[in-house]
Amino acid sequence: MHPSLLPSLAIGTVLLMAAPVGAQTIAFSDLAEGRLAASGPVRPQSRVWTPERAAAWYADQPFLVGANFQPSSAINQLDMFQAETFDPETIDRELGWAKTKFGMNTMRVYLHDMLWAQDPQGFLNRLDQYLTIADRHGISTMFVLFDSVWDPDSALGPQRPPIPGVHNSGWLQTPTRDDLVDRSKDAHFEAYVKGVVGRFADDRRVVVWDIWNEPDNPGGGSYNGEQLEDEQKRIVELLPKAFAWAREAGATQPLTSGVWIGPDWSPSSRTLSRLQRIQLAESDVITFHNYEWPESFEARIAQLRPYGRPIINTEWMARGNGSTVDTILPIARRENVGMYNWGLVDGESQTRMPWDSWERPYTLQEPTIWFHDLMRRDGTPYRQREADVFRQTTAQPMPTQP
């Protein structure tokens, strides 16, 4: 869920934010052992998995291939899981298509802390119902607990309709920007993390916990530049706490938070930001986002390989940006990198529209090619060739771990 409107300009701006002068370099040995360098400002929990444990876990998984999923009937996380709009029939139908038409075996699904505040038990019950449906189709789930992308002012209740012609116009940050900077909310955040993770801590249907999506994202779309003064400082405080809360809740699944910006993510990099150092040091398995050309995708894998941990790409596929099924998925299979593309069925999120629709809505004509998403609402693949590549790739025998 990359925030760029004009990717080269937006990424360049964010790189300046993410790579402060004098950023601390982390030795590979420190990251591999789950420690930051002694001079670092953050000390991760001692229970970060060893690389050996992470490798053993990954060896027991199938080749993880799936999508970032919300049913086509939901515009955002609240719409997906609030009692009034929870739609198990559409979830069941669309996950069935994911399995039979594309051979997918996993999904990445975003949650929202307001759902916990609204009705903890009802929320957990709906998560359990979702997991039951997904498991029936042979699909595991990576849950995402927090997210720093798009609308920073969520509200419970009926959600607004999509803005015509605009990419992901109803997506929500969690927590809201006002809650994020309010330290009195920490008890709520802790209860949310421990409550959700604790309920499914040893549930085989949950494959990974993604603690925070793009924590260093400035908002995205028309929300860039609208962050409150203390937001980034608070995320630096909260991110390691959220990892710790998930571990204290007894999670038996690996924890992660994916890197997505900056020129170099390797252990010797001098451009890693403070948040990136936390992400890489706290993650049991390494995750990342990449919506770019195949050579960029390969370069990112090479940067992350020295950490000695399994690597999973949790966001990819932006056809107009050079990230396509035909080119990227075979590389991932060769490199044994798990893959979650953005979007399954075209729907209320309108992510068939490109990022620049935030500046130039596609109201008079459709984009030349779909940006994200794999199927139309009737289950017809956008390109049958893409469905064929997915099925062929997932059917291949597992490669030897590089």
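Data overview
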{"read-out": "Hits in the range 89-114 - residues which are in a helix (DSSP H, G or I), within 21 Å of TRP316 (Cα to Cα) and of a type in the set (A, V, I, L, M)", "value": "LEU95, ALA98"}
{"read-out": "Residue within the range 82-89 that is of a type outside the set (Phe, Trp, Tyr) and open to solvent by less than 10 Å² (accessible area, probe 1.4 Å) present", "value": "yes"}
{"read-out": "Qualifying positions in the range 223-264 - in a helix (DSSP H, G or I) and among the aromatic types (Phe, Trp, Tyr)", "value": "TYR223, PHE243, TRP245"}
{"read-out": "Enumeration of residues in the range 134-150 that are open to solvent by less than 10 Å² (accessible area, probe 1.4 Å) and farther than 20 Å from TRP358 by Cβ", "value": "ALA134, ILE139, THR141, MET142, PHE143, VAL144, LEU145, PHE146"}
{"read-out": "Filtered residues of the range 177-200 (kept if open to solvent by less than 10 Å² (accessible area, probe 1.4 Å) and not in a helix (DSSP H, G or I))", "value": "PHE200"}
{"read-out": "Test: residue in the range 376-399 that is assigned to a loop (DSSP other than H, G, I, E, B) and within 16 Å of GLY165 (Cβ to Cβ)", "value": "no"}
{"read-out": "Hits in the range 224-260 (condition: surrounded by fewer than 21 Cβ atoms within 10 Å (Cβ to Cβ) and more than 21 Å from ASP186 (Cα to Cα))", "value": "ASN224, GLY225, GLU226, THR252"}
{"read-out": "Residues of the range 364-375 classified as in a loop (DSSP other than H, G, I, E, B) and surrounded by 16 or more Cβ atoms within 10 Å (Cβ to Cβ), total", "value": "6"}
{"read-out": "Criterion violated by GLU52 - all others in (1) open to solvent by 10 Å² or more (accessible area, probe 1.4 Å); (2) not aliphatic (A, V, I, L, M); (3) not in a helix (DSSP H, G or I) satisfied", "value": "(3)"}
{"read-out": "Test set (1) part of a helix (DSSP H, G or I); (2) acidic (Asp, Glu); (3) under 23 Å from TRP209 (Cβ atoms) - GLU298 fails condition number", "value": "(3)"}
{"read-out": "First in the range 158-186 and without any contact (Cβ under 8 Å) to a residue 60 or more places away in the chain, second anywhere and open to solvent by 50 Å² or more (accessible area, probe 1.4 Å) and of a type in the set (S, T, N, Q), Cβ under 7 Å, 6 or more apart", "value": "ARG177/GLN227"}
{"read-out": "Selection within the range 314-363 - farther than 16 Å from MET375 by Cα, among the hydroxyl-bearing types (Ser, Thr, Tyr) and in a loop (DSSP other than H, G, I, E, B)", "value": "TYR362, THR363"}
{"read-out": "Odd one out for ASP284, checked against (1) under 23 Å from ARG383 (Cα atoms); (2) part of a loop (DSSP other than H, G, I, E, B)", "value": "(1)"}
{"read-out": "Among (1) open to solvent by less than 30 Å² (accessible area, probe 1.4 Å); (2) farther than 19 Å from ARG108 by Cα, the one test that PHE288 misses", "value": "(2)"}
{"read-out": "Among residues of the range 334-352, those that are crowded, with 21+ Cβ neighbours inside 10 Å, within 30 Å of LEU304 (Cα to Cα) and not aromatic (Phe, Trp, Tyr), counted", "value": "8"}
{"read-out": "Residue within the range 151-166 that is closer than 20 Å to LEU238 by Cβ, open to solvent by less than 10 Å² (accessible area, probe 1.4 Å) and either assigned to a loop (DSSP other than H, G, I, E, B) or not β-branched (Val, Ile, Thr) (or both) present", "value": "yes"}
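The values are calculated or read from the model by the stated rules, or taken from the named source; none is laboratory data. Source: prediction; values computed, not measured. Ideal geometry is used to build each Cβ from the backbone, glycine not excepted, and the neighbour counts take in all protein chains shown. Accessible surface areas use protein heavy atoms only, side chains included; no ligands, DNA or RNA. Shrake-Rupley method; radii C 1.70, N 1.55, O 1.52, S 1.80 Å.
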